[in-house]
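Values quoted throughout were computed directly from the atomic coordinates according to the rules given, and no laboratory measurement underlies them. Just so it is clear, the structure is predicted and the values come from calculations on it, not from any experiment. Neighbour counts are summed over all protein chains in view; Cβ atoms, including those assigned to glycine, are modelled from backbone coordinates with ideal geometry.
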Amino acid sequence: MDKLLATGGGPLKGRVRISGAKNAALPLLISSLLTEETLRISNIPHLHDITTTMELLGQLGVKLQVDEKLAIEADASEVSSVIAPYELVKTMRASILVLGPLTARFGHAEVSLPGGCAIGSRPVNLHIKGLEAMGAEIKIENGYIKADTGGERLKGARIFMDLISVTGTENLMMAAALADGTTVIENAAREPEVIDLADCLNAMGAKVSGAGSDEIIIEGVERLGSADHRVIPDRIEAGTFLVAAAISGGEIEIHDVIPRQLESVLDKLRESGCAVESGDNWIKLRAPEGTLKSVNIRTAPYPAFPTDMQAQFVLLNAIAEGTATVVETVFENRFMHVHELQRMGADIELDGNTAVIKGVGGLHSAPVMATDLRASACLVLAGLIAEGETIIDRIYHIDRGYDCIEEKLAQMGAMIRRVPGHYLSRQSA
Ligand code: UD1
């Protein structure tokens, strides 16, 4: 299994282009299930989760064509299966997103329960409850969620989400697009990726309004048509590079980004002492001359501070001046990176969903293991500033969600490379 080898070194400097957002691209590709006509999605990032989504759609009978610029044309005119198998769902929880579209268009769907997850139990009860409110009968059998509409169309409904759920909102929005009547989703997720999906659905002929607010109204239509849609930039990839520049004392410019989608992150970077400027589609960051100042963080749904940037800011605090608390309110078990950072010399105490971090100025290298997508990004960044050579194992997590991370970091001067697992075992033997 490949590993990343990072050598702590100088500041990151230069420019980097931000790829399309993983969390937007996945539901967008899956929305192709709602139409018999061709959906073209461009600015698709080169990621393992995209390959998994293509495999899943392929198994359902969707014909996919990828061009050399990574635009994908999806033709779901001849769907041959409505079953999302465990083998795929277990590697990517977002597979649950096929449940709404399949049930809405074909009246039946079977999707494996996602099972355990490294960052908490992550149930899908809200997806199920919403579809039941729209008239689907749902049974859980042999580890599968089986939805059936008894040959009827789904019916518009008023749905209150007890908890704000991003994929829950997306799943129900897609289902409601083809339902009979009007659906209102209250306490909806306001993430930019939800808006991107609503924009694409509307381009396909849906009638969705209010995306980006906590109440989304969907007037169901009988059928959806074709569309050509470009995926929004990945705000989490952007935020990750900005933290990399901040902690390495660097100065970078990122392009193809929507700065207003990163407000909460940019605020915290300014508070830590970085100079941040932005324009239409770019952000420049210059780290402070002296040390970074620690910043308190509390994660919450958009527009508050994203849980997907929590690990990177735990790292920033680990080397900053002062003591900070980081409170994780979205997922119950999302601090696995803390134990790895402690092995690199960080002074962090965990108490439930709160990490208290005393800045120690610098870290030293250690062999570390990635445990989930964002934790692994934090460890890669830690390797870039730690003294010595850090080996990061289990990097398949990072390949799920970061497009060419080592190439992009190397382009800004980072000393990082991918090595086959056996190469390192031979070296250490
Ligand atoms: C999405 C993102 C993920 C991000 C997360 C929170 C995608 C593909 N993934 O994940 O990167 O970290 O939003 O911003 O877009 N919950 C329930 N019942 C449900 C659904 C969710 O209790 O039916 C809980 C979850 O356990 C969690 C919270 O709600 O505690 C938020 O989860 P949710 O927004 O659904 O996360 P995802 O959509 O899976």
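Taking GluC sites (Glu not before Pro) across segment 170-261, the ones in a DSSP loop with at most 16 further Cβ atoms lying within 10 angstrom of their Cβ are E222. Relative to the longest principal axis of the Cα atoms of the chain, the long axis of helix 373-385 makes an angle of roughly 20 degrees. Comparing S95, S264, S112 in a Gaussian network model of the chain where C-alpha atoms under 10 Å apart are linked, the largest mean-square fluctuation is found at S264. Phi-derived couplings, Karplus 6.51 cos²θ - 1.76 cosθ + 1.60 at θ = phi - 60°, listed residue by residue for segment 202-209: 5, 5, 7, x, 6, 10, 10, 10 Hz, with x used for Gly and Pro.
Within the chain, the longest run free of exposed loop sites, counting trypsin sites (Lys or Arg not before Pro) that sit outside DSSP helix and strand states (H, G, I, E, B) and have at most 14 other Cβ atoms within 10 Å, spans 224-429.
Listed cross-link partners K90/K358; K13/K358; K90/K139; K22/K207; K284/K358; K90/K293 are compared with a 30 Å cut-off, the Cα-Cα value being larger for K90/K358; K90/K293. For segment 77-195, the relative contact order works out to 26 percent when only alpha carbon pairs closer than 8 Å and six or more residues apart are counted.
Excluding same-chain neighbours fewer than eight residues apart, the aspartates and glutamates reachable from K268 by a Cα-Cα span under 19 Å are E191, D234, E237, E251, E253, E277, E289, D308, E321, E328.
In this structure, R418 and N125 have a Cβ-Cβ separation that, at R0 = 45 Å, corresponds to a calculated FRET efficiency of about 0.70. Compared with the dominant Cα axis of the chain, that is its longest principal axis, helix 310-319 is turned about 10°.
Which angle from 0 to 90°, rounded to the nearest 10, does the C-alpha axis of helix 235-247 make with the longest principal axis of the chain? The angle comes out at about 10 degrees.
Compute the label zone of D148 within segment 77-100: residues whose backbone N is under 13 Å from the point 7 Å along Cα-to-Cβ. What the label zone holds, given the 13 Å backbone N cut-off, is no residue at all.
Helical content of the chain, expressed as a calculated mean residue ellipticity at 222 nm, amounts to -9500 deg cm²/dmol (DSSP H runs of 4 or more residues, -39,500 (n - 2.57) each, divided by residue number, nearest 500).
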